[in-house]
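The structure appears below as structure tokens.
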Amino acid sequence: MALIVQKYGGTSVADLAKIHNVAERIIRTYQAGNDVVVVLSAMAGETDRLAAMANAATGDKPTPREYDALIATGEQVTVSLMAMVLNSKGFKAKSLLGSQIRIVTDKNHMAARIQKIDADFILSELGKHRIMIVAGFQGVDRKGNITTLGRGGSDTSAVAIAAAIKADYCETFTDVDGVYTTDPNVYDKARKLKKISYDEMLELSAAGAKVLHQRSVELAKLYNVPLYVRSSFNDDEGTLVTREDEDMEKEVVSGITYDRNQAKVGVIHVPDEPGIAGKLFTPFSERSIIVDMIIQNASVDGYTDLTFTIPKKDIKQVEQLLDVVSREVGAERVHIDPDISKVSVVGLGMKSHSGVASKMFTTLAREGINIQMISTSEIKISCVIGAKYTELAVRVLHDAFAMEIGQ
Ligand code: ADP
Ligand code: ASP
Ligand code: MG
């Protein structure tokens, strides 16, 4: 008998039939003698619909506070429906919003970070044999404003709750039955991993594998929460995200991933002087715009070019900021290219094996795919390429690393 947090994503609660299907799984878990806290996303497509409405209503300039208040409503619909379905089947269940169980976050709208969760309240409700149905993705800041955790953030709500109540494990149910060597919806030769380390999963999520929200993996690692990724449509055991063990070190590559949500920014012909990069990037950090890869060319005649990537959703804001800052730093011009994507090869074994980078570059070259930017970490190599080559790159890289990948 365990204390379990189960999170169901948007496709798992997309309509009433699916909500009933999930309700049955929750009941099975509860009737097996477990205490269950359920975290739900909005119905598939609903958050997009709400976001589009906010943008249409304001010419793409919604106030962050009201934007969060609007896009958080999708989850209110699913949690209340789920609780009433469970009630109608004769079970004690209660829906709760982020503000009601006091998931306290900082005030950074649209990308808030959880600071505190009222674990005692959740545990006392569980003590009354109630199934708790909690709205994912949302919290409340210290002044009572509704906040959201960033797109895909329900995974993070679930892991944060699991950590706060010291659950035995957290399960996230989605439309694929685990973490694969690459997105199974892009390449049918992708293989399911039985286990993956927190660090590798972190790199996969950071590199765009949306199967788990990056912050959820960070929290799972920090609080040592065993995290399962499973399908809500079958009983397959899924993938366990856990601490690294010796077997995992033997794998050179665990996955190939892609991110279509980045844009490339070039700030051309900037004076090569101390303080320029600081001036350029400070306005971004002040607005929580995440700059990913950064490349600075060698100086020629005292001038240099800076190239970096930003989330596509921030292009407008970055354009406006650079309009001012690029003049301040004396740049000749700014160029923004949204037609790019980033492909990455991730694996713990890269720490001790050489040759992954060269294999990646030659594989892309063989297909005539030009590499525009490269970045590396201890266990990841990423290349920026033209967006139209994304699927092709994923497939040929998966084939090229077939022997090393996901044993
Ligand atoms: P949910 O709405 O349940 O949170 P998401 O759409 O956020 O689901 O995440 C699941 C999707 O992640 C899958 O449908 C799949 O296309 C994608 N995905 C990307 N990379 C991977 C991977 N390596 N393994 C499994 N799924 C992946
Ligand atoms: N509903 C939110 C989104 O679509 C949160 C989530 O699904 O995890 O981003
Ligand atoms: Mg998701």
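What follows is calculated from the coordinates using simple rules that are stated; it is not laboratory data. Bear in mind that the values here come from a model prediction, so they are computed numbers and not experimental data. Positions of Cβ are generated from backbone atoms using ideal geometry, with glycine treated the same way; all protein chains shown enter the neighbour counts.
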>> At R0 = 25 Å, how high is the FRET efficiency between Ser358 and Asn108 if r is their beta carbon distance? Nearest 0.05 is fine.
In response: 0.05
> What is the distance, in nm, between label points placed 7 Å from the Cα along the Cα-to-Cβ direction at Glu332 and at Lys316?
Replying inline: 3.1 nm
>> Tell me the mean residue ellipticity at 222 nm calculated for the chain from its helices only (DSSP H runs of n ≥ 4, each -39500 (n - 2.57), averaged over every residue, nearest 500).
In response: -10500 deg cm²/dmol
> Out of Val241, Val140, Val186, any idea which swings most in a Gaussian network model of the chain, alpha carbons joined below 10 Å?
Replying inline: Val186
>> Between Arg287 and Met403, what is 0.36 nm times their sequence separation minus the Cα-Cα distance? Round to one decimal in nm.
In response: 37.4 nm
> What span do the alpha-carbon atoms of the chain cover on each of the three principal axes, reported in whole Å from largest to smallest?
Replying inline: 76, 50, 33
> With θ set to phi - 60° and the Karplus curve 6.51 cos²θ - 1.76 cosθ + 1.60, what are the ³J(HN,Hα) couplings of the stretch 264-274 in order, to the nearest whole Hz, using x for Gly and Pro?
Replying inline: 9, 10, x, 10, 9, 6, 9, x, 8, 10, x
>> Which of Ser285, Ser41, Ser326 has the fewest other C-beta atoms within 10 Å, and how do the rest follow up to the most?
In response: Ser285, Ser326, Ser41
>> If I model a spin label at Arg65 and Val77 as a point 7 Å from the Cα along the Cα→Cβ vector, what separation in nanometres do I get?
In response: 2.6 nm
>> Relative contact order of the stretch 1-47, please, whole-number percent, based on alpha carbon pairs below 8 angstrom and at least 6 residues apart.
In response: 60 percent
> Counting DSSP beta bridges in the chain, what percent are antiparallel, to the nearest 5?
Replying inline: 60 percent
> Measuring from label point to label point, each 7 Å out along Cα→Cβ, what is the His20 to Asn34 span in nm?
Replying inline: 2.4 nm
> Which value, in debye to the nearest 20, gives the size of the charge dipole of the chain about its Cα centre, when Lys and Arg are +1 and Asp and Glu are -1 at the Cβ?
Replying inline: 1100 debye
> Fewest first, what order do Val134, Val324, Val356 take by the number of other Cβ atoms within 10 Å?
Replying inline: Val324, Val356, Val134
>> Taking a cut-off of 18 Å, what percent of all Cα-Cα pairs in the stretch 272-407 are separated by more than that?
In response: 62 percent
> If one computes the Cα centroid of the stretch 351-397 and of the stretch 152-168, what distance in Å separates the two points?
Replying inline: 34 Å
> How far is the Cα center of the stretch 19-39 from the Cα center of the stretch 71-97, in Å?
Replying inline: 13 Å
> What order, most packed first, do the peptides 314-323, 19-28 have when packing is the mean number of other Cβ atoms within 10 Å of each residue?
Replying inline: 19-28, 314-323
>> List the GluC sites (Glu not before Pro) within the stretch 376-407 that DSSP assigns to loop and that have no more than 13 neighbouring Cβ atoms inside 10 Å.
In response: Glu378
